[in-house]
């Protein structure tokens, strides 16, 4: 096993080490937040060269079967797509939109950053335009992803008199209850808050004929399987069900079989990690600290928009405060921050008002943040799936990205 080490005097070079004892180890280690034993991840899995030329060639050679104009959706949506800057459908959009518009249950398996959100929003908004009484429920694992999808739906449906409500924890449930008393067509929410509102009899599941489960693997990893099953069991049997996930576990497969009717399966997933994300590790030398190495990296010119992942809320806040004292433009996101604080930090990062965002895995899934140059795994993720989703924040939409993982 070759492990690479960061040299402070030559910050862009790496040299080989061969004495890392944990390499190749898959024994049981610490437990994850859900209490399940975790496996140590072979550091070799964090090393992967980007194949930018091959990836670009593959994208160029992709010829969609449809143009956006070919889909059976309202012309206002076609114009909204053009205003969004989309020119041709992505593979998941090209293959799955016709099946959704035709009313089929679907299972979509795709890498992050492939346009999944528009793949289900466009045909579902069209469904509402055809029937103003249609109600759709979109269930996602995190509040950040829920807010992002809600914002996307509002963009596509602008001027169409379609009202959506975002139901997530960390914000006023009273305001959400007030909004739900008006006529609405679309709810985007997290399982816990949705179940709270159902318990208060504010949401009546029998009124919903369409449900989307997005980032299903993450929902199950976060322990929302019982809430998800509760929601699905409360919906009409004749509903249309859309599953989207980057990975399909046995538990998810079981749920798909239980809650769908002959679903159309669309997979555009070719590998675990994006071809245009360069992946490498940084071995922390004896006598150096991770903060020392991180400081040197962030002072390099090419590290212009950096997402740093830490394992714990306390650790993330400590990193953020340390970098702030060193003069970096930095914000943090973790579970101890309220929704407005988290959205403010995300907004500043998206709009390039800060260079660095330090986060727990709350930011690892689904968030579409443009032009992230680097993802740094300050702490090794709990699972390899978490790693895949973390580094998926860079190298999006055929742009090059870099992912670095610290090894001690």
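No value in this document is a laboratory result; all are computed from the given coordinates. Here the structure is a predicted model, which is why all the values come from computation and not from measurement. Here the Cβ positions follow ideal geometry from the backbone for every residue, glycine too, while neighbour counts run over all protein chains shown.
Given R0 = 30 Å, the distance between the Cβ atoms of residue 79 and residue 371 translates into a calculated FRET efficiency of 0.70.
Using the average count of surrounding beta-carbon atoms within 10 Å as a protection proxy, the listed peptides 231-239, 71-79, 210-218 rank, highest first, as 210-218, 71-79, 231-239. Cα-based values for the stretch 262-381, radius of gyration first and Dmax second, are 15.8, 59 Å. How would the stretch 133-238 be classified by its alpha-carbon gyration tensor: rounded, prolate or oblate, with rounded meaning a/c under 1.5 and the a/b versus b/c comparison settling the rest? The shape class here is rounded. Stretching residue 299 away from residue 352 to a fully extended chain increases their span by 17.4 nm, per 0.36 nm per residue minus the current alpha-carbon distance. Oblate is the label for the stretch 90-170, because the ratio a/c of its alpha-carbon gyration tensor axes (a ≥ b ≥ c) is 1.5 or higher and a/b is not greater than b/c. A rounded overall shape is assigned to the stretch 322-408, the ratio a/c of its alpha-carbon gyration tensor axes (a ≥ b ≥ c) being less than 1.5.
Taking 0.36 nm per residue of separation and subtracting the Cα-Cα distance, full extension of the segment from residue 322 to residue 88 would add 79.8 nm. Among 304-311, 167-174, sorting by the average number of other beta carbon atoms lying within 10 angstrom of each residue, highest first, gives 304-311, 167-174.
Taking label points 7 Å from Cα along the Cα-to-Cβ direction, residue 344 and residue 184 give a separation of 2.5 nm. The distance between label points at residue 70 and residue 250 comes to 4.1 nm (points 7 Å beyond Cα on the Cα→Cβ vector).
With the simple spin-label model, which puts each label point 7 Å out from Cα in the Cβ direction, the residue 160 to residue 285 separation comes to 5.8 nm. For the pair residue 258 and residue 233, the difference between a 0.36 nm per residue extended length and the Cα-Cα distance amounts to 8.0 nm. Considering the stretch 71-267 at the alpha-carbon level, its Rg and Dmax are found to be 15.6, 44 Å.
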